[in-house]
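A.B. asks: Let me give you the structure first, and then I'll get to my questions.
The values are calculated or read from the model by the stated rules, or taken from the named source; none is laboratory data. Quick caveat: nothing in here was measured; it's all calculated off a predicted structure. Please note: Cβ atoms are built from the backbone with ideal geometry, for glycine as well, and neighbour counts cover all protein chains shown.
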Amino acid sequence: MIGFSVNGKRVDLDVDPSTPLLWVIREHLGLTGTKYGCGMAQCGACTVHIDGEAVRSCVAPVLGATGKAVTTIEGLSPDLSHPLQRAWLEEDVPQCGYCQSGQLMSAAVLLRDKLKPTDEDIDEAMTGNICRCGTYPRIRRAIHRAAEMAAKAGAR
Amino acid sequence: MISPKMNDRQSISGMQRRDFLKVSVAASGGLLIGFHFPRVGKLASAQQASADGFMPNAFVRIGTDERVTVIVNHSEMGQGVYTSLPMLLAEELDAEWSKVGYESAPVDPKYNHPAFGMQMTGGSSSVWSGLEQFRQAGAVARAMLIAAAAQQWNVDASTCRTESGTVLNGSRKLTYGHLAPAAAKVTPPEHVQLKDPKTFKLIRKPIRRLDTPEKLNGKAEFGIDVKLPGMLTAAIARPPIFGAKMKNFDDSRARSMPGVRKVVAVPAGVAVIADTFWQAKTARDALRVEWDEGSMQDFDTGKMMQDFRERAKTPGISVRKDGDAESALASAVKKIEAVYEVPYLSHLMMEPLNCTVDLRPDSCEVWTGSQFQTIDRANAAKIAGLAPEKVQLHTTFLGGGFGRRANPQSDFVVEAVYVARAAGAPVKVIWTREDDMGGGWYRPAFLHAIEGGVDASGNAVSWRSRLVGQSIMAGTPFAAVMLKGKDYDPASVEGVDDLPYAIPNVAVESHQPEINVPVQWWRSVGHSHTAFAVECFIDELATLAHKDPYQFRRALLEKQPRHLGVLNLAAEKAGWDKPLQKGMGRGIAVHFAFGSYAASVAEVSVTEGKVRVHRMVCAIDCGQYVNPGIIKAQTEGGAVFGASAALFQELTFESGRLQQTNFHTFPVMRINECPDIETHIVESTEKSGGIGEPGVPCAAPAIANAVFAVTGKRIRRLPIRLTEAV
């Protein structure tokens, strides 16, 4: 049995410990918002948080999550209220949408660490997330906008 | 005449061909269904609409809860059809926009593409083909709601008006939801008046996409996310070489691995069916399969290009002949010859191919992200041994399509039905990224040799294009309809066969080598390579004539107002005449495709042998438009798609084996490499054109021409490698 928490809920699973966390999340836990894109940490579609840090779950054996807190896109906010989700809505970012869970999860760590990320910060934090539809200009704008929103909310 | 040699993957049974021809004959017959207004009762039962809903036609359902659900017959693959098509209907319905939702249409002839006669998404055609259809559907529903209200109030319908989901008469008002049950009993009108565009409230507004919320919380269901009770998952060991056949396999290890239910040979290879994907994939990798490698074991793209170069030295099939290009070349004062080469390319959708099938003795349900519902259903039915009507295909969100999910053979659907026949349970087949990249159906590699000449005053007087590359249409069920008796494939030469420049002597010729690499439409199809060659060569002619490349194009496009419109707009917005910093250069390109005109100006720098694109200014004229926000998104996305190919992408084969496997060897532009992109839309009253693809073609030539502006060297081969510049 491997035990960890997912989006605040404790789970104990009887699963091959070498199985990538991605497939455990998708197939055992039924949380399909986290996507498979490459299986080799090249595209970022599978990005989740483990203890708050962005991890490419397609190459992370589930064993490594033991005792840790995993957050997936389904746990980013209960109601699209995260500043990034609001900014993504306002900038109308997604096209096909497949990569966007991973984009948001990577951006969430950036925004936690940098209150006012620069374009260079965005490049650095988001380079691991590919978008084949080419939504990058909007992702960039949305991250800046989310930072402004978060700043305003903080000021209140 | 084209007589393609077909490998197994491409072979088409007579039955598939007949099935297709049935629908396409309807297409060429002109009427094309287009539009049914079935009686409410019949359709409601067919659609299993809620008992209290009002479904005036196949495209809209109005619930007593005020929800307006638009049934969309095109696949949402990022291009925004789940928003733009509902906008058209909601506009004429006068619906309250916040109550409007979407639903994917089931497969049914009433959802056929009005121009192509089958249910499908492609050719950048969803909005222009749905324009009348969806507006009509909304107007009919509105008229029926008004009739129901007028009856209730006992007034003449002409005294009623509508606004935001309500019918009004004087101070009285009734909501659409309230009227829905009564409206369901009204006879649909035969004629309805559509709105004067001046009164549009939704159309032409940058309305935010309806599908965004569910794409931000993981709820959007893509094919790969489909879950069914008792479902198994399969991975397939696929041939390492196109046309290779499985000789035998050893599954002794695989069969004993955890979760593995069955290992079966299927036409696509050897399928491992297991409880979960990871188990299936791990066991698949443990199979030992021996392949009969077939005729492609020596295939090498380097040698292929050498062969293409030889072919280009001889005349091809004549596609276009204005004047006498040969004599004009011979007498030109200055001449230039350039050979452009582009590689095979993978569509590389973020969501790898997958398909889920629940096969029962007398029915079959398929869940997948399809661009080709009618064909996929017909092909699935054949393998299932059922009539097409017994097969239902549920179109999920597509994690990118770009043409790959419009496969004439339904390759990813057919194989899943084969696996389902063996599985004895619902089963989902998932392709790994490597399977997807190696699975074929690429943008064909092309060589395009151009010779051109100018006279003493620097006027272009001659142009001869010779293209060498595989036909997409040949050997498909489309050949009969799409080739229309031509002995060349229009998809190979589109974008040069209609060369817009005023050059008196033009010849375009086509060579169609037969190669057993499956090829297919890739976002912008032939335009993806012809625009590169044409727009780079016109730049070369400008240099030959000692003229500015923008002004040189302008002079030759005097009689092409829409080309000129986008060209001028892009140049103006980019500040074409303003100096750039040292080390930077601008390139320009203009191209017509899919009913729309596009132009781009790229600003690049070159440092230490590396090209960086800093800015792209795009102008687009797609005629009357629906949602400028979506148009900008598609144009930006098209620019990134085209720039990715221009800068990074190439598939190569050695000894029949594909050398690229995943994103590390077939890169996609990343955010740190992405330029600032501006899009400017031309206001137009012309007929609507497409928007999904027209943004792609200009990117490569604009970037390549900008590289010339910086380095003085010409790029004649993609992806751009400065070491190959001439």
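A.B. asks: For B:Met231, are the conditions met, namely being within 14 Å of chain A (Cβ to nearest Cβ) and either surrounded by fewer than 21 Cβ atoms within 10 Å (Cβ to Cβ) or touching a strand residue (DSSP E or B) at 6+ places or on another chain (Cβ under 6 Å) (or both)?
C.D. replies: For B:Met231, the condition - within 14 Å of chain A (Cβ to nearest Cβ) and either surrounded by fewer than 21 Cβ atoms within 10 Å (Cβ to Cβ) or touching a strand residue (DSSP E or B) at 6+ places or on another chain (Cβ under 6 Å) (or both) - is met.
A.B. asks: Looking only at the stretch B:248-299, how many residues end up being more than 14 Å from chain A (Cβ to nearest Cβ) and within 33 Å of the chain's Cα centre (by Cα)?
C.D. replies: 16
A.B. asks: Which of (1) touching a strand residue (DSSP E or B) at 6+ places or on another chain (Cβ under 7 Å); (2) within 11 Å of chain B (Cβ to nearest Cβ); (3) surrounded by fewer than 16 Cβ atoms within 10 Å (Cβ to Cβ) does A:Pro20 not meet, given it meets every other one?
C.D. replies: Failing condition for A:Pro20: (3).
A.B. asks: Looking at the stretch A:7-33 only, could you name the residues that are closer than 26 Å to A:Asp79 by Cβ, in contact with a Leu (Cβ under 6 Å, 6 or more places away or on another chain) and touching a residue at least 24 places away in the same chain (Cβ under 8 Å)?
C.D. replies: Scanning the stretch A:7-33 gives a single hit, A:Ile25.
A.B. asks: Given the condition touching a Pro at 6+ places or on another chain (Cβ under 9 Å), at positive phi, modelled with pLDDT of 95 or more and in a loop (DSSP other than H, G, I, E, B), answer yes or no: does some residue in the stretch B:608-627 qualify?
C.D. replies: The answer is no; no qualifying residue exists.
A.B. asks: Which of the residues spanning the stretch B:629-682 are assigned to a strand (DSSP E or B) and away from chain A (no Cβ under 13 Å)? Break it down into steps so the answer makes sense when it comes.
C.D. replies: Initial filter on the stretch B:629-682 (assigned to a strand (DSSP E or B)): B:651, B:653-654, B:657-658, B:676-681.
Those that are assigned to a strand (DSSP E or B) and away from chain A (no Cβ under 13 Å): B:Leu651, B:Phe653, B:Glu654, B:Arg657, B:Leu658, B:His680, B:Ile681.
A.B. asks: Right, something else. So, in the stretch B:677-688, exactly how many residues are within 14 Å of B:Ala619 (Cα to Cα) and touching a residue at least 60 places away in the same chain (Cβ under 8 Å)?
C.D. replies: 7
A.B. asks: Being touching a helix residue (DSSP H, G or I) at 6+ places or on another chain (Cβ under 6 Å), surrounded by fewer than 24 Cβ atoms within 10 Å (Cβ to Cβ) and assigned to a loop (DSSP other than H, G, I, E, B), is that true of even one residue in the stretch B:539-547? Steps first, please.
C.D. replies: Initial filter on the stretch B:539-547 (touching a helix residue (DSSP H, G or I) at 6+ places or on another chain (Cβ under 6 Å)): B:539, B:542.
Checking the rest, the ones that are also surrounded by fewer than 24 Cβ atoms within 10 Å (Cβ to Cβ) come to B:542.
Next, from what is left, pick out any that are assigned to a loop (DSSP other than H, G, I, E, B): none.
No, because not a single residue in the stretch B:539-547 is touching a helix residue (DSSP H, G or I) at 6+ places or on another chain (Cβ under 6 Å), surrounded by fewer than 24 Cβ atoms within 10 Å (Cβ to Cβ) and assigned to a loop (DSSP other than H, G, I, E, B).
A.B. asks: Further, regarding this structure: Keeping to the stretch B:689-726, report how many residues are more than 20 Å from the chain's Cα centre (by Cα), assigned to a helix (DSSP H, G or I) and in contact (Cβ under 8 Å) with a residue 12 or more places away in the chain.
C.D. replies: The total comes to 13.
A.B. asks: Let me ask something else. I'm trying to understand the selection: among the residues of the stretch B:408-442, which are under 30 Å from B:Arg717 (Cβ atoms), away from chain A (no Cβ under 14 Å) and touching a strand residue (DSSP E or B) at 6+ places or on another chain (Cβ under 9 Å)?
C.D. replies: Matches in the stretch B:408-442: B:Gly440, B:Trp441, B:Tyr442.
A.B. asks: To continue, here is another question. So, B:Ile715, is that one under 26 Å from A:Gly44 (Cβ atoms) and crowded, with 21+ Cβ neighbours inside 10 Å or not? Let's see the steps before the verdict.
C.D. replies: Numbers: under 26 Å from A:Gly44 (Cβ atoms): no; crowded, with 21+ Cβ neighbours inside 10 Å: yes.
Judged against the criteria, B:Ile715 is not a match.
So that you can scan it fast, the table gives a plain yes or no per residue for (1) among the charged types (D, E, K, R); (2) in contact (Cβ under 8 Å) with a residue 60 or more places away in the chain:
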residue	(1), (2)
B:Arg255	yes, no
B:Lys281	yes, yes
B:Gln297	no, yes
B:Arg309	yes, yes
B:Asp324	yes, yes
B:Ala328	no, yes
B:Val339	no, yes
B:Met350	no, no
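A.B. asks: Sticking with this one: Looking at B:Phe200, is it in contact with an Asp or Glu (Cβ under 7 Å, 6 or more places away or on another chain) and surrounded by fewer than 16 Cβ atoms within 10 Å (Cβ to Cβ)?
C.D. replies: Here the answer is yes, as B:Phe200 does meet what is asked.
A.B. asks: How about the stretch B:80-103: which of its residues are buried (at least 20 other Cβ atoms within 10 Å of the Cβ) and among the polar types (S, T, N, Q)? Before the answer, list the steps.
C.D. replies: First pass over the stretch B:80-103, keeping only residues buried (at least 20 other Cβ atoms within 10 Å of the Cβ): B:80-95, B:100.
Across the stretch B:80-103, the qualifying residues are B:Thr83, B:Ser84.
A.B. asks: Hey, can you tell me all the residues within the stretch B:676-686 that are farther than 18 Å from B:Leu564 by Cβ and surrounded by fewer than 23 Cβ atoms within 10 Å (Cβ to Cβ)?
C.D. replies: Passing the criteria: B:Asp676, B:Glu678.
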